[in-house]
Structure formats: C-alpha cells, structure tokens
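This report refers to the structure that appears directly beneath it.
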Amino acid sequence: MTISLHTTLFKIGLLLSTLFASAVIWAVDKPEPVANANISTNVQTPTVKVVSLDTASELKNRFRIDHMVSSMTLLVEREYGSAPVVVVLPDGSKWYASRHPETVKWVDGITGDMIYIESPQPGPWQLVGKVVPGSKIKKVSKLEIEVQPLPQPLFQGEQVKIVAKLMGDAERVRMPGLDYLVEWTAHFVSKHRAGDENFAAGDIIAGSYKDSGEKLDETPDDGLFTSDINLRQPWGEYDFVVQARNNVFERQISFPFSLSARPINAEVITPEDPLTGQWKIMLHVDSTVLQLAETHFSFELVGPAGLQLPVVLNGLTEPDTELILPPVSEFGSYRIKGFAATTTHTGREIVLDLPELFFNLVQPPEPPPSPEVLAAIAAQKAAEEEALAKQDAMFWIISINAVLLILGVLGLIVWRKRQSLAQALAAAEQRLLDEAAENKPAALSHDEIDLTMPDETDNDR
C-alpha cells in the first residue's frame with residue numbers, strides 16, 4: 001500500500017514538472033521550406049506583439065522538448081564575438097555548428113545562433129556556451145516574413161521608407177544581432193510590357209533591408225528591418241520580390257507595382273555669352289501630379305578649386321520655372337546635384353532625388369596675330385634657321401678636318417713604325433750572316449780523308 005502511494009505521488013510530480021516545462025517553452029507544427037507570406041494592404045506599419053520568450057537563465061540554459069513537436073527553430077543570443085553554442089541532446093550526444101546531422105540547419109553570427117531542427121528528440125535539452133546572462137532563448141516552429149507594400153503612385157528617384165519583419169508563429173521576432181543572421185534582398189522584376197521603359201530590364205537587384213539603426217532605420221535590433229531601395233530604375237510595371245534567407249530558412253514575398261516616370265525634370269540653360277551671362281536651371285514640374293506651392297528644391301553647385309554653393313528654391317507658381325545659378329568665373333567643369341521635397345495631389349509627401357546636371361566653362365581662344373606680328377615671327381624664324389644652318393656647316397667642317405688630321409697622324413705613325421721594323425730586320429739579318437761566316441770550318445784536304453772508315457750505311461747493316 002505504501003509503495004503504491006509513493007508510485008502515485010511520483011507520477012503526479014513527474015506529470016506536473018512536464019506540464020510546467022512544456023508551458024515555459026512551446027512549439028507547434030513543422031514549417032514549409034519556402035512559403036509566401038500574406039501581403040498587408042495597409043501602408044502604415046501595423047501594431048504587432050513581440051514573440052513570447054523563454055528565460056534561459058532560470059533554467060540554466062536547459063529546456064524541454066515535448067513529444068508532440070515535429071520541428072522547431074532555436075534563436076540563441078550569445079556574447080558578442082563568442083563561439084557558437086554546443087547543443088546537448090537528451091541522450092547525451094552533442095551538436096556543433098560545424099558538426100551536426102543533415103536534418104539540422106545552423107547559422108552562427110557574431111552575436112547569436114539560429115538552429116533549425118527536424119523531429120527533435122523529446123526530453124531535456126541543454127545549451128553550452130556564452131549565452132548572454134538574463135537573455136531569452138526563442139523557440140519557434142513557423143517562420144514567415146511580413147513586408148510593407150510599396151506606396152502608389154511611386155516615382156523614379158523617390159526616397160521611400162518601408163519596413164519588413166521576421167515573424168515567428170505569427171509574432172514579430174526581435175533579437176540582438178538578428179541583422180547579421182538574416183540576409184534580405186529586394187528585386188524589381190520587369191513585366192516586359194511593350195512601351196514601358198523597363199521592357200528589357202529583366203531582374204534588377206534594387207536594394208535590401210537592414211535593422212542596424214543606420215540610414216532610414218530608426219532603431220537597431222528592434223525587429224523592424226527598414227528598406228534601402230534604389231528607385232533610380234527605368235519606369236514601368238514590375239513585380240516587387242523580397243527574399244529573406246540564410247542556411248536555416250528561405251522566405252519570399254512578391255506583389256506587383258508600377259514605377260512612374262519622375263514628375264520633375266531639370267536642364268541647364270547656357271547663356272549666349274558663357275563668360276558674362278547667367279547660367280540657369282529650367283525646372284519642369286508636372287502640376288497634374290504635384291502641388292506647385294508645396295514643391296521645394298535644394299541644389300548644390302560644385303566646381304573647380306573646391307567651389308560648393310547652395311542653391312535653394314521654395315515653392316513654385318508656374319510649372320516651368322527658371323532658377324538662376326550663382327555667377328561662376330573659374331574655367332572648368334561644374335556639377336549640380338540636388339533633390340526636391342514635394343506633395344502629391346493625394347496628399348502624400350515625397351522626396352525625389354534629381355539627376356545630376358553638368359556644364360563646362362571653357363576659356364575662349366586667343367585672337368589671331370596681326371600681319372606685322374606674323375611677318376616678325378617669320379623673319380625671326382628665318383634668322384634662327386640660318387644661324388642653325390651655319391652652326392651645322394661649321395660643325396661638319398671642323399669634324400671632317402679633325403678626322404682627316406687624326407687619320408694623317410695615324411698613317412705617319414704606322415709608316416714610321418714599318419720603316420723602323422724593316423731596318424731592324426735588315427740589320428739582324430746582316431748580323432746573322434756575319435756570324436755564320438766567322439764560325440764556318442775550313443775544308444778538309446784529300447790527304448786528310450780516312451778512306452778506311454766505313455760508310456754510315458754499312459754500319460747500319
């Protein structure tokens with residue numbers, strides 16, 4: 001009876017601990033590999049809830065996976081620059097960022113890890129690593145993206161700010177360093193409609209989304225990824241395609257939009273006399289689209305020698321307006337860059353980047369010389385040529401004479417050497433003849449010849 005009671009109490013305690021751990025960390029169905037998120041038609045950023053977080057510090061980086069979980073994605077926040085965490089499974093085996101099963105997808109950044117696990121083993125799991133104290137381990141089962149649509153009408157060169165969010169189980173995910181774990185890319189895909197400027201444009205990578213607190217992004221790591229999109233593209237009909245991906249997941253969303261031609265054009269007006277006249281900018285504004293009184297321009301004139309002059313025009317009264325530029329006097333190239341802040345007739349306030357304008361202030365050619373000057377130049381040139389000819393003739397005369405003199409001296413030296421050599425040879429020959437005559441022996445008489453001596457030929461025999 002006592003044993004049965006203890007067994008019952010043990011089972012009740014085990015059941016309560018399992019329910020408590022399951023309530024702390026939750027998960028649901030397995031996500032699709034790639035899915036398109038629903039498009040929100042509201043241009044304003046909707047109010048969303050932040051993903052419910054599991055406190056890692058309370059469980060000492062331990063959590064429990066229920067047997068009903070078919071897949072999950074772990075988002076772990078680490079100390080900046082620390083090594084990826086080590087995942088310890090209920091059976092004691094370990095997974096590393098560089099060594100894990102093929103069913104596990106792992107992305108490690110400088111501040112955290114994103115780990116996708118299929119069919120996780122039920123039971124207690126543990127993370128080993130420099131997890132930020134007091135941070136949260138987020139465990140979600142379905143990842144999607146939500147992208148704010150582009151406003152319409154949208155114009156070439158417009159500066160537009162739209163946001164996107166990574167959604168975990170239909171709630172916004174925010175985590176320090178998430179910007180390093182997910183790569184966002186924005187594409188403009190032409191619909192190839194005849195007559196549009198983008199007919200042959202194809203697929204254009206127009207920009208990205210960042211949660212870094214830079215450019216148009218307000219706050220870093222708040223889970224709101226802000227666009228940095230280049231709208232200086234050919235006008236026409238497009239599909240706006242946004243991709244968010246890494247080694248763990250890939251999501252894509254697309255919707256059509258129209259990029260309208262820029263409603264403001266500007267051109268440089270060259271004066272009749274570029275040196276003394278006034279350079280101007282002719283501004284053409286489409287008054288059917290924009291409110292003239294709410295249209296303001298800001299230009300900067302950049303020229304030689306570090307010239308930088310601001311040029312401002314507030315409000316218009318006519319669609320075609322001339323803007324006078326400051327006087328310029330330095331010869332060289334000038335560049336005009338600027339933007340326009342205006343309001344459409346629908347009440348949408350926009351900022352348009354205007355194409356850069358260029359003009360050159362060229363130094364005029366000098367007047368041609370008079371006949372007297374030309375005659376003086378010709379006479380001076382003839383005198384210089386005559387003097388040069390005399391110098392050349394004198395040079396050759398001196399050179400030839402010097403060569404002849406050198407050749408004559410060399411010939412004389414050679415002749416004298418030959419004469420001395422001939423005399424020395426004749427004297428030596430005569431001396432040899434005299435010595436030979438003095439040393440010649442006297443001839444033997446017949447009586448002195450010994451006829452009994454054998455010949456040399458007989459001795460050889």
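The values are calculated or read from the model by the stated rules, or taken from the named source; none is laboratory data. The structure displayed is predicted, hence computed values, not measured ones. Using ideal geometry, Cβ is built from the backbone for each residue, glycine included, and neighbour counts are taken over all protein chains shown. Heavy atoms of the whole protein, side chains included, go into the accessibility calculation; ligands, DNA and RNA do not. Shrake-Rupley method; radii C 1.70, N 1.55, O 1.52, S 1.80 Å.
Would a scan of the stretch 208-218 turn up a residue that is open to solvent by 10 Å² or more (accessible area, probe 1.4 Å), more than 18 Å from residue 159 (Cα to Cα) and among the polar types (S, T, N, Q)?
Scanning the stretch 208-218 turns up at least one residue that is open to solvent by 10 Å² or more (accessible area, probe 1.4 Å), more than 18 Å from residue 159 (Cα to Cα) and among the polar types (S, T, N, Q).
Any idea how many residues of the stretch 67-107 are closer than 26 Å to residue 134 by Cβ, modelled with pLDDT of 90 or more and assigned to a strand (DSSP E or B)?
The number of residues fulfilling the criteria is 7.
Examine the stretch 354-373 for a residue that is part of a strand (DSSP E or B), among the polar types (S, T, N, Q) and surrounded by 10 or more Cβ atoms within 10 Å (Cβ to Cβ), and state whether such a residue exists.
Yes.
Quick check: is even one residue across the stretch 377-390 open to solvent by less than 90 Å² (accessible area, probe 1.4 Å), over 30 Å from residue 329 (Cα atoms), assigned to a helix (DSSP H, G or I) and among the charged types (D, E, K, R)?
no
Filter the stretch 198-228 down to the residues that are in contact with a Phe, Trp or Tyr (Cβ under 7 Å, 6 or more places away or on another chain), in a loop (DSSP other than H, G, I, E, B) and under 16 Å from residue 180 (Cβ atoms) and list them by number.
211
Name, by its number, the condition in (1) outside any strand (DSSP E or B); (2) in contact with a strand residue (DSSP E or B) (Cβ under 6 Å, 6 or more places away or on another chain); (3) open to solvent by 60 Å² or more (accessible area, probe 1.4 Å) that does not hold for residue 326.
Going through the list (1) outside any strand (DSSP E or B); (2) in contact with a strand residue (DSSP E or B) (Cβ under 6 Å, 6 or more places away or on another chain); (3) open to solvent by 60 Å² or more (accessible area, probe 1.4 Å), residue 326 breaks only (3).
Can you tell me which residues in the stretch 166-189 are within 27 Å of the chain's Cα centre (by Cα) and either crowded, with 21+ Cβ neighbours inside 10 Å or not in a strand (DSSP E or B) (or both)?
Once the filter is applied, which keeps residues that are within 27 Å of the chain's Cα centre (by Cα) and either crowded, with 21+ Cβ neighbours inside 10 Å or not in a strand (DSSP E or B) (or both), the stretch 166-189 yields 176, 177, 178, 179, 180, 181, 182, 184, 186, 188.
So which residues in the stretch 219-277 are buried (at least 20 other Cβ atoms within 10 Å of the Cβ) and aromatic (Phe, Trp, Tyr)?
225, 238, 240, 249
Would you mind stating whether residue 288 is more than 25 Å from the chain's Cα centre (by Cα), within 17 Å of residue 340 (Cβ to Cβ) and crowded, with 18+ Cβ neighbours inside 10 Å?
No, not satisfied.
For the stretch 167-187, name all the residues that are modelled with pLDDT of 85 or more and touching a Pro at 6+ places or on another chain (Cβ under 9 Å).
179
Are there any pairs with C-beta distances below 6 angstrom linking a residue in the stretch 262-280 that is at negative phi to a residue that is open to solvent by 70 Å² or more (accessible area, probe 1.4 Å) and β-branched (Val, Ile, Thr), with the two at least 6 apart or on different chains, and if so which?
Pairs that qualify, where the first residue is at negative phi and the partner is open to solvent by 70 Å² or more (accessible area, probe 1.4 Å) and β-branched (Val, Ile, Thr), are 278/324; 280/324.
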